[in-house]
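J.: This is the structure, below, for whatever I ask next.
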Amino acid sequence: MKPTNPVYTGIDTTVFETMSRLAMAHDAVNLGQGFPDVDGPDDIRKVAATALMDGPNQYPPMLGLPELREAVAASNKRFYGLDIDPHSEVLVTSGATEALADCIFALVAPGDEVVLIEPLYDCYLPLVKQAGGIPVRVRVTPPDWTLDADALRNAFSDKTKVLLLNNPMNPTAKVFSEAELRLIADLCRRHDAYAVCDEVYEHLVFDGHSHRPLMTFEGMRERTVRIGSAGKTFSLTGWKVGYVTGPALMLDPIAKAHQWLTFTTAPNLQRAVAYGLAKDDSYFTGLTQDLMAKRDRMAKGLAELGFSVLPSAATYFLTCGIEGLDLGSSDVDACQTLVREAGVAAVPVSAFYGDDAPTGYIRFCFCKKEAVIDEALARLASFLSAGHANPHSLVQRKLAE
Ligand code: PMP
Ligand code: GLN
């Protein structure tokens, strides 16, 4: 038989799926894959349910329901002061993942260089490779995730077609500083590169700060697309509704890529997301306040157990150093040990890097109920205090008593 496409053949299943399946197999508390354990607002789900029953349930327009495109444009104005034409500058997709594929396939031709900042969200590299692009990676590393300005400058060349930026960033929970964004914008302009900004965590920014899209920097409006996800903004990750906002000249080929990937997205979900985006400010501040309380609860507990908890300025995630905890020789080992023996699933940070990855850090997802966070901490405490001799089954038995 002829070989199938090497971009997809023989590669590992994504770490999120792997850890979620392991968590199920070991009856572990799943703090690996990033998803909330309560569903998003009732009113949004009711709009979706009503729209499902009332219909129509036929193909919506390829660019997305007009009401959702208008809501996306309006929220760009409301949160970032951006004037977006809903008819030519917004595209609705089946999740941010599809949006990323549309953008990369539409902008990158074989041989084009794509600048990426490691750690990388799982789909970035395969998508760039599938497009025939040449990935040029710059790396930020724990514990401070600082972007090296010279390394970034060196990554850009006249062959750079696209810079792909994830801000706020998974798994680092980093929000890029104004100075870093200014440098990135400057390099994009100087090298005539497009920017594709994965901003799915735009509304999950903590401690009174707010997100500033790269698109708002001087000269970037015409060369940047930004990607949002209703999954993150409304705690409905299974819905897979995303949106791309950008100048018509970029959006046109992106929409053509979309027309042959999914063409469209479930109409009832689009209607409900349009309703959600118009929610008043208290929804958005309530979301971050709730997440901050969970973040702080988990961070405190993990620090007390001896994890080196790094700051989390945004997202669903806490990254922790595991040095001194005797959890194995690497982050991968540590996650295997924790899921099998402590009954808690996390994700190894090395999974987000290529070769020579840092191997001393693991990522915990904190968007869970308080009782679930406490249960995970209790399991970790029991496991660590017993010098690892106390299998998870014992903890469970104790809790059941
Ligand atoms: N980008 C990043 C950085 C993510 O963490 C995720 C996962 N939530 C996605 C994209 C994918 O989002 P969606 O579920 O909307 O496809
Ligand atoms: N974005 C989620 C995470 O980082 C996972 C999404 C997925 O599994 N595709 O954990």
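Where a number appears in this text, it was derived from the coordinates with a stated rule and is not lab data. All values derive from a computational prediction rather than experimental measurement. Don't worry about glycine lacking a Cβ; one is built from the backbone with ideal geometry, like all the others, and counts go over all protein chains shown.
J.: Provide the three semi-axes, in whole Å and in decreasing order, of the ellipsoid equivalent to the range 216-349 as defined by the square roots of 5 times the Cα gyration tensor eigenvalues. Walk me through the intermediate numbers first.
T.: Details: eigenvalues 271, 74, 58 Å².
In descending order, the three semi-axes are 37, 19, 17 Å.
J.: So for 115, 7, fewest C-beta neighbours within 10 Å to most, what's the order? All intermediate terms of the calculation are to be shown ahead of the outcome.
T.: Values: 115 24, 7 14.
In increasing order of surrounding Cβ atoms, one gets 7, 115.
J.: Would you order 53, 24 from fewest to most other beta-carbon atoms within 10 Å of each residue's own beta-carbon?
T.: 53, 24
J.: By a straight-distance test (C-alpha under 19 Å), which lysines pair with residue 129 as possible cross-link partners, with residues fewer than eight away in the same chain excluded?
T.: Hits, sequence-local ones excluded: 159, 161.
J.: Between 242, 328, 208, where does the largest GNM mean-square fluctuation fall for the chain, given springs only between Cα atoms within less than 10 Å?
T.: 208
J.: Report the Cα-based extents of the range 158-294 along its three principal axes, largest first, to the nearest Å.
T.: The Cα atoms of the range 158-294 stretch 43, 38, 25 Å along the principal axes, largest first.
J.: I need the Debye-formula profile for the range 171-242: one equal scatterer per C-alpha, no solvent, reported as log10 I(q)/I(0) at q = 0.15, 0.18, 0.19, 0.24 1/Å, two decimals.
T.: Taken in order of the listed q values, log10 I(q)/I(0) reads -0.56, -0.76, -0.83, -1.11.
J.: Which three lengths, in whole Å and largest first, does the range 150-211 cover when its Cα atoms are put on their principal axes?
T.: Largest first, the range 150-211 extends 38, 19, 18 Å along its Cα principal axes.
J.: What does the convex hull of the Cα atoms of the range 279-353 come to per residue, in Å³, rounded to a whole number? Intermediate values should be presented prior to the final figure.
T.: Numbers: hull volume 8.5 nm³, N = 75.
Dividing the Cα hull volume of the range 279-353 by its residue count gives 113 Å³.
J.: Another question, if that's okay. Kindly write out, for the range 79-96 in residue order, the coupling ³J(HN,Hα) from the Karplus curve 6.51 cos²θ - 1.76 cosθ + 1.60 (θ = phi - 60°), rounded to whole Hz, with x marking Gly and Pro.
T.: 8, 10, x, 8, 8, 10, 7, x, 7, 10, 10, 9, 10, 8, 10, 8, x, 5
J.: Per 5 Å bin, what is the whole-percent P(r) computed from every C-alpha pair distance within the range 318-386?
T.: 3, 17, 27, 28, 15, 7, 3, 0
J.: Could you run the Debye sum over the Cα atoms of the range 24-150, one equal point scatterer each and no solvent, and tell me log10 of I(q)/I(0) at q = 0.15 Å⁻¹, two decimals?
T.: These q points yield log10 I(q)/I(0) values of -1.13.
J.: Could you grab the relative contact order for the chain? Cα pairs under 8 Å, six or more apart, rounded to a whole percent.
T.: Working: 782 pairs, mean separation 92.5, N = 401.
Relative contact order of the chain: 23 percent.
J.: Quick one: grab the alpha carbon gyration tensor of the range 118-173, order the square roots of its eigenvalues as a ≥ b ≥ c, and give me rounded if a/c is under 1.5, else prolate or oblate depending on whether a/b is larger than b/c.
T.: oblate
J.: Shifting gears a bit: Gaussian network model of the chain, Cα springs within a sub-10 Å range: biggest mean-square fluctuation belongs to which of 349, 15, 200?
T.: In this elastic network of the chain, the residue with the biggest mean-square fluctuation among 349, 15, 200 is 15.
J.: For the chain, which span is the longest to avoid every loop-located (per DSSP) member of chymotrypsin sites (Phe, Trp or Tyr not before Pro) having at most 13 other Cβ atoms inside 10 Å?
T.: It works out to 9-259.
J.: Another one. Which percent of Cα-Cα pairs in the range 304-348 sits in each 10 Å bin, short to long?
T.: Over the range 304-348, the share of Cα pairs per 10 Å bin runs 27, 56, 17, 0 percent.
J.: So what's the chain giving for Cα Rg divided by 2.2 N^0.38 Å, two decimals?
T.: Ratio of Rg to 2.2 N^0.38 Å for the chain: 0.99.
J.: Same structure again: Once you treat every alpha carbon in the range 35-87 as an equal point and sum by Debye, what is log10 I(q)/I(0) at q = 0.14, 0.20, 0.24, 0.31 Å⁻¹?
T.: -0.56, -0.93, -0.98, -1.05
J.: If you consider only alpha-carbon coordinates, what radius of gyration and Dmax does the range 110-218 have, in Å?
T.: 13.3, 43
J.: Still on this structure: For the range 1-76, what is the convex hull volume of the alpha-carbon atoms per residue, in Å³?
T.: 253
J.: Mean residue ellipticity at 222 nm from the helices of the chain, using -39,500 (n - 2.57) per DSSP H segment of n ≥ 4 over the full residue count, to the nearest 500 deg cm²/dmol?
T.: Calculated mean residue ellipticity at 222 nm is -12500 deg cm²/dmol.
J.: Convert 10 °C to kelvin, take the viscosity as 1.306 mPa s, use the Kirkwood radius over C-alpha pairs of the range 74-140 as Rh, and evaluate the Stokes-Einstein diffusion coefficient in µm²/s, rounded to a whole number.
T.: In µm²/s, the coefficient rounds to 116.
J.: If the cut-off is a Cα-Cα distance under 24 Å, which lysines reach residue 368, setting aside same-chain residues fewer than 8 apart in sequence?
T.: Qualifying lysines at Cα under 24 Å: 46, 174, 232, 240, 279, 294, 300, 398.
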